[in-house]
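Everything on this sheet refers to the single structure shown next.
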Amino acid sequence: MHLISTFPSDLSEEPALLRRPVDDPVWNNICRKVQKRYAFFDGSTRQILASLASMITSLIHLLDPVMDELCKRTCRFCSDICCVGSEVYYNETDLFYFAACGKGYPRGQTRRTGEVSLCRYWYPCFGCLLPRSQRPYTCTWFICSDQSQLLETLFKPRDIRRINASFESIRRLRLILSSIFMKSGDLGYEFSKLLE
């Protein structure tokens, strides 16, 4: 992982054009654009992208039990559930990650145009229907204040440092992944035309 994680990234933040409600037909067109762009890459670039995606997936799986435990102990008592909030969406990097994983895309954005309430993948008394690696990355890295306090009581400082390092590694790998996709053409322009 060290070699790939030292690749330069032109980005300091992930693109956010798609962080908004999108109707399913537009979503499907966007996913097709991403898939077409992925197919455009030569074999060695696709290998690099697949390696990045694999490392990200492995790190998410490492964090999964931690996040599950934090959610299990806090979310059901919360009066301001993140999944009900209207600011959680897939972004471009999430779609680039799905393309590089080769396992397909979610059936739609978290909310359709005109919807502002619940995430379409969240169900009361159950939570998210998606495995953590298929959720918007926001759903993996966000830790509320209650969870942050709980983290400090459940884990030793060295474990917390490892957890934070995993989050930072995922962030860095996602920025590299996104940089490679964004350098391959003007996807932002193509997405904005679809979102008009």
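Side notes on the structure shown:
- Shown for the chain: lysine pairs separated by 8 or more places, or found on different chains, whose C-alpha atoms are under 28 Å apart, numbering 11.
- Gain on full extension, evaluated as 0.36 nm per residue between Leu62 and Leu154 minus their Cα-Cα distance, stands at 31.5 nm.
- Long-range amide H partners of Asn91 with built H, under 5 Å: Tyr137
- Residue among Ile160, Ile170, Ile143 with the largest mean-square fluctuation in a Gaussian network model of the chain, springs linking Cα atoms under 10 Å: Ile160
- Extension reserve of the Leu129-Asp23 stretch, reckoned as 0.36 nm per residue once the Cα distance is removed: 36.2 nm
- Relative packing of 97-103, 174-180, 68-74, which averages over residues the other C-beta atoms within 10 Å, highest first: 174-180, 97-103, 68-74
- Among the chymotrypsin sites (Phe, Trp or Tyr not before Pro) found in region 107-142, those both in a DSSP coil and sparsely packed, with 15 or fewer other Cβ atoms within 10 Å of their Cβ, are Phe126, Phe142.
- Taking the convex hull of Cα positions in the chain, its mean projected area over all directions (nm²): 11.2 nm²
- Per residue, the chain reaches -18500 deg cm²/dmol at 222 nm when only DSSP H runs of four or more residues are counted, each adding -39500 (n - 2.57).
- Each principal axis of the Cα cloud of region 107-150 was taken in turn, and the coordinate range along them, longest first, works out to 35, 21, 20 Å.
- Cβ-derived FRET efficiency at R0 25 Å, Leu118 paired with Ser51, nearest 0.05: 0.10
- Whether region 30-74 is rounded, prolate or oblate, judged on the alpha carbon gyration tensor where a/c under 1.5 counts as rounded: oblate
We did not get these values from a lab; they are worked out from the coordinates using the rules stated. Fair warning: this is a prediction, and the values are worked out from it, not measured in the lab. Cβ coordinates were reconstructed from backbone atoms using ideal geometry, including for glycine residues, and neighbour counts include every protein chain displayed.
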